[in-house]
1. For the range 155-291, rounded, prolate or oblate, judged on the Cα gyration tensor with a ≥ b ≥ c (square roots of eigenvalues), a/c < 1.5 rounded, else prolate if a/b > b/c?
2. Rounded to the nearest Å, what's the spacing between the alpha carbon centres of the range 283-321 and the range 134-184? Just the number, please.
3. Show E231, E89 ordered by accessible area, largest first, where the area counts protein heavy atoms only and the probe is 1.4 Å.
4. Measure nothing but the geometry: give the 0 to 90° angle between the long axis through the Cα atoms of 6-17 and the longest principal axis through the Cα atoms of the chain, rounded to 10°.
5. Tell me the label-point distance for the pair W72, L315, using the 7 Å Cα-to-Cβ offset, in nm and rounded to one decimal.
6. Determine ³J(HN,Hα), in whole Hz, for all residues of the range 214-231 in sequence, where each value follows from phi through the Karplus function 6.51 cos²θ - 1.76 cosθ + 1.60 and θ = phi - 60°; x replaces Gly and Pro.
7. I need the calculated FRET efficiency for the pair T61 and T280, taking r as the beta carbon distance and R₀ as 25 Å, to the nearest 0.05.
8. Could you give me the ³J(HN,Hα) list for the range 194-205, computed from phi with Karplus coefficients 6.51, -1.76, 1.60 and θ = phi - 60°, whole Hz, x at Gly and Pro?
Amino acid sequence: LVQGAAFPAGSVVCAQWLLPSERSWASAISAIGAATGGFLVSSCAPVIAAHFGWQAVFYVTAALCFALLAVWLRLGASSPAQCLSITREELEVLREAGVVPPEPSSPTAFKIAKVAKVPKDSFPPAAFFLHSSVGVLFLAHFAQNWQQAFNDWLAVFYTTQLGSSREAAGLHAGAVALVELPARALTAGLPEVLLRRGSSLLWSRKQMSLQGFAYHLFLCLGVVAFLSRAETPTFAFTVVFGLAKASQAFHAGGYYANYLDLTQAYSGVLAGVGNTMATTAGVLFPRVASWSLGGSYGAAGGWAVLAGSMAWLDLLAIVAIALGMSVDCLDGPIPVAKTKSWPTSPKGTADDDKSE
């Protein structure tokens, strides 16, 4: 419950600090951090508990949280304009990209302020959430969380369907989880590659998430095919589940980064509402799993139904992203200049702010 504020707060910071071309990279780094944290906790917590007791795990976690808070209070800033360490060149790049408002003395400040709609309310109007591009985000996020809910049941799959021991099931499920970190590291730079090759920002976002859901769709069909066979090696399932887990890494540069494209004024609200709606997958999936596994389909048929549900959601997300994804800001007709690189970056950055 307390951790729930981290996602929208992080979205606000990223929306106020990052160029459009950097949002995919930032989303990937955030996802890599989450995967690294999960790996470290699963690796270190048993050792700490064995030597110092289970209470020590919570003490160490709390100490790290307070250490991060101290660093954040010392170095963090609500916006680039309030940061003491930012250079004027960096601030100017952000202003030209429309991320930071122009200086009041700027010749274009009055013109931009005149056409810009600066929201006065902390919560967007209902029409904001009814926009098709917002619905695409929520659907894609829900589909990925449904995949994660299935992964949480992998230990049950290995023990009940494949007859593995609890220890072996834990090893296979752990191997699947370990794939996430290298997969996110390998895909972190792909959006930048697409932009350098001339893709627009919108097409880059679409390509990343379309790949993620398409790969996952075919792998789900592979799971269904394995379940229809009389006997399939356990290792084969682990490989398919691992590849399916890796396919989720593409979304950091796709719909996940798209949260930062649609709004700056309401980025925290959008992220919070989207994450809340997506977490309903974790509530609904166990009920669907109980129904399918306890019904007349049999064990293999029940798991096939669950894999098929992921495939259907993948297909819906693919269609929605292809037809409805947008990188246009919904805050109002705020003119945005072409994205520029930081002063230290090589010249020749692609035109990132074009949309299809």
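The values are calculated or read from the model by the stated rules, or taken from the named source; none is laboratory data. Keep in mind it's a predicted model, so treat the numbers as computed, not measured. For neighbour counting, all protein chains shown are included, and Cβ atoms are generated from backbone atoms with ideal geometry for every residue, glycine included. These accessible areas exclude ligands, DNA and RNA; they are computed on the full protein's heavy atoms, side chains included. Shrake-Rupley method; radii C 1.70, N 1.55, O 1.52, S 1.80 Å.
1. prolate
2. 13 Å
3. E231, E89
4. Once rounded, one gets 30 degrees.
5. 4.2 nm
6. 5, 4, 5, 4, 5, 5, 5, 5, x, 4, 4, 5, 4, 5, 7, 7, 5, 8
7. Working from the Cβ atoms, E equals 0.40.
8. Taking θ as phi minus 60°, the curve returns 4, 5, 5, 8, x, 5, 6, 4, 5, 5, 5, 4 Hz for the range 194-205.
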